[in-house]
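Worksheet for the structure shown next.
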Amino acid sequence: MNKIICALFIIGISLHGYAQDELDNKFKAIPAKEPKTKEVIPPKEIAPKVNPPAVVEAPDPLKISPEELFKDTNIYKPDANVEGIFYRRNQYLGGYRTKSFTSTIRFRDAAFVDGDKIKIYLNDKVIEPEVSLDGKFKEYKITLAPGMNKIDFEALNEGFASPNTAQYEVYDDKGAVIASSQWNVGTGYKAAILLLKE
């Protein structure tokens, strides 16, 4: 029996050498990794691109073509130019801005005095039915309404020599010249000037 106890003792010691020692304090726990948290930065708010509507400017009423101005055949006689005769048409004398309450229009025969006669309209209403053009300036004072004021000079005849010619000058209420030029139109045709009272 001694032999059996001795054999068990040797086997026990040898098995102990191969056995895992779980109670040994050499155990080192793996340190827990602290998760690296990134600071969450919300994306920058990008305001939606809102293009404001383009500022629509009102068209300039003085930027008008003669064709547009003279298109109403109830007011203006249609052009009838033939080769070599340039005055059988309506004539646009231009458009001008003014802050003046009144305007003075002066006119006279531009060539030699031959009996030219005109009719004057303000905004398509006759304000002077017949005026003879002389070599001396005649004046006509007009009270301007706010907005557009259209002044037409209709040739009633062409005198002894064609066409109906006139030199005109337009003044504001302080006596400053707004426009100055001349017209050359045939009988029944009109020369038109626009004054925009601001």
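Does at least one position in segment 47-69 carry a residue that is part of a loop (DSSP other than H, G, I, E, B), of a type in the set (A, V, I, L, M, F, W, C) and either modelled with pLDDT of 75 or more or surrounded by 10 or more Cβ atoms within 10 Å (Cβ to Cβ) (or both)? Checking segment 47-69: at least one residue is part of a loop (DSSP other than H, G, I, E, B), of a type in the set (A, V, I, L, M, F, W, C) and either modelled with pLDDT of 75 or more or surrounded by 10 or more Cβ atoms within 10 Å (Cβ to Cβ) (or both). Only residues that are touching a residue at least 40 places away in the same chain (Cβ under 8 Å) and either closer than 15 Å to Ile85 by Cα or not in a loop (DSSP other than H, G, I, E, B) (or both) were counted in segment 154-187, giving 20.
The set of residues from segment 89-109 being of a type in the set (Ser, Thr, Tyr) and within 24 Å of the chain's Cα centre (by Cα) comprises Tyr92, Tyr96, Thr98. Taken over segment 95-118, the residue count meeting the criterion of being more than 12 Å from Leu195 (Cβ to Cβ), assigned to a loop (DSSP other than H, G, I, E, B) and charged (D, E, K, R) is 3.
Put simply, of Tyr140, Tyr92, Tyr121 the only residue that is in a strand (DSSP E or B) and in contact with a Pro (Cβ under 6 Å, 6 or more places away or on another chain) is Tyr92. What about Thr102, is it out of contact with any Gly (no Cβ under 9 Å at 6 or more places or on another chain), without any contact (Cβ under 8 Å) to a residue 60 or more places away in the chain and closer than 25 Å to Ile75 by Cα? Answer is no for this residue. The condition of being of a type outside the set (A, V, I, L, M, F, W, C), within 20 Å of Phe70 (Cα to Cα) and surrounded by 14 or more Cβ atoms within 10 Å (Cβ to Cβ) holds for only one of Asn123, Asn164, that being Asn164.
Is it true that Lys117 is within 21 Å of Tyr76 (Cα to Cα), under 29 Å from the mean Cα position of the chain (by Cα) and of a type in the set (Lys, Arg)? Judged against the criteria, Lys117 is not a match.
Screening Gly159 on (1) over 32 Å from the mean Cα position of the chain (by Cα); (2) on the phi < 0 side of the Ramachandran plot shows it passes everything except condition (2). Scoring Gly147 on the criteria (1) on the phi > 0 side of the Ramachandran plot; (2) modelled with pLDDT of 95 or more leaves a single failure, condition (2).
The values are calculated or read from the model by the stated rules, or taken from the named source; none is laboratory data. Given the structure is predicted, the values throughout are model-derived calculations rather than measurements. Counting neighbours? That spans all protein chains shown, and the Cβs are built from the backbone with ideal geometry, glycine included.
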